[in-house]
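Everything below concerns the one structure shown next.
The values are calculated or read from the model by the stated rules, or taken from the named source; none is laboratory data. Fair warning: this is a prediction, and the values are worked out from it, not measured in the lab. Reconstructed Cβ throughout: ideal geometry from the backbone, glycine too, with neighbour counts over all protein chains shown. Only protein heavy atoms, including side chains, enter the accessible area calculation; ligands, DNA and RNA are left aside. Shrake-Rupley method; radii C 1.70, N 1.55, O 1.52, S 1.80 Å.
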Amino acid sequence: MPKRPTLVLSALFLVQGAAFYGLARRTETIPQPKLLSEFPTRIGEWRMLRGGVIEQDEKDVLRADDYLTRQYAAPGGKEASLFVAYFRTQRAGQTPHSPKNCLPGSGWTWSVADTIPVNIAGRTQPIEINRYIVSKVTQGGDDHAVVLYWYQSRDRVVASEYRAAAFTVWDALRYNRTDTELVRVVTSVTQNGVDFIQAFFTTLQSR
């Protein structure tokens with residue numbers, strides 16, 4: 001028998017598809033945010049070390065409209081990677097791929113999977129994001145990392161894939177838009193990545 005989360009997500013996708021079909025004749029409102037390539041290379045004490053490269057086969061799978069992949073560093077030996085995939089619309093089946101589904105395919109296994117609150121300046125309530133502590137066996141030993149990610153639409157931050165899918169339907173019906181971003185931060189296990197998120201969150205959201 002299919003597992004309950006799979007059934008729930010399948011049901012949400014069916015509702016999502018029905019909503020999009022019903023709105024097919026309406027012209028969707030497509031926001032025009034700044035290109036992610038214009039995102040600052042310096043954010044507070046953090047500065048960009050290098051930009052990453054996304055191979056074409058990865059782009060073909062992700063099907064996002066804009067990408068950002070960079071490595072940042074701060075005093076004290078702190079480093080963090082930032083990945084953002086922006087989708088202008090989800091009506092054509094362009095939806096974010098959950099990192100938790102990609103990690104096993106890359107050889108990573110998780111030991112902790114939960115959500116954590118992150119306080120953001122100017123917001124009355126903390127945002128809630130996913131946290132995965134993962135490891136992978138390599139020739140040099142075991143690699144460990146902390147993966148933090150969430151889905152961001154309008155002024156909303158959602159950790160759950162199910163809620164993100166449900167809100168997509170709501171945004172399509174109420175606001176005639178389905179744009180969203182997947183934001184992912186990876187750090188070492190000696191850091192928690194929260195200070196990096198607090199540094200860039202408002203800048204990313206307001207672009």
All-but-one check, D142 against (1) at pLDDT 80 or above; (2) loosely packed, with under 11 Cβ neighbours inside 10 Å; (3) under 18 Å from T190 (Cα atoms); (4) of a type outside the set (S, T, N, Q), failing number (1)
The residue that is nearest to L82 (Cα to Cα), considering only those in the stretch 181-207 that are open to solvent by less than 10 Å² (accessible area, probe 1.4 Å) and among the β-branched types (V, I, T), is V185
Flag if E128 is under 13 Å from the mean Cα position of the chain (by Cα) and more than 20 Å from R70 (Cα to Cα): yes
(1) open to solvent by less than 30 Å² (accessible area, probe 1.4 Å); (2) under 22 Å from I43 (Cβ atoms); (3) touching a Phe, Trp or Tyr at 6+ places or on another chain (Cβ under 8 Å); (4) not hydroxyl-bearing (S, T, Y): which one isn't true of A159, the others all being true? (2)
Hey, among the residues in the stretch 145-156 that are under 23 Å from H97 (Cβ atoms) and among the charged types (D, E, K, R), which one's surrounded by the fewest Cβ atoms within 10 Å (Cβ to Cβ)? R154
Out of the stretch 148-197, which residues are of a type in the set (G, A, S) and not in a loop (DSSP other than H, G, I, E, B)? S153, A164, A165, A166, A172
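Considering only the stretch 54-134, give the strands (runs of 3 or more DSSP E) lying wholly within it that have at least 2 residues that are open to solvent by 60 Å² or more (accessible area, probe 1.4 Å). Talk me through it step by step, then tell me what you get.
Values: elements: 66-74, 78-87, 109-118.
Fully inside the stretch 54-134 and qualifying: 109-118.
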Matching option when the condition is at pLDDT below 90 and under 24 Å from R207 (Cβ atoms), among S135, S153: S153
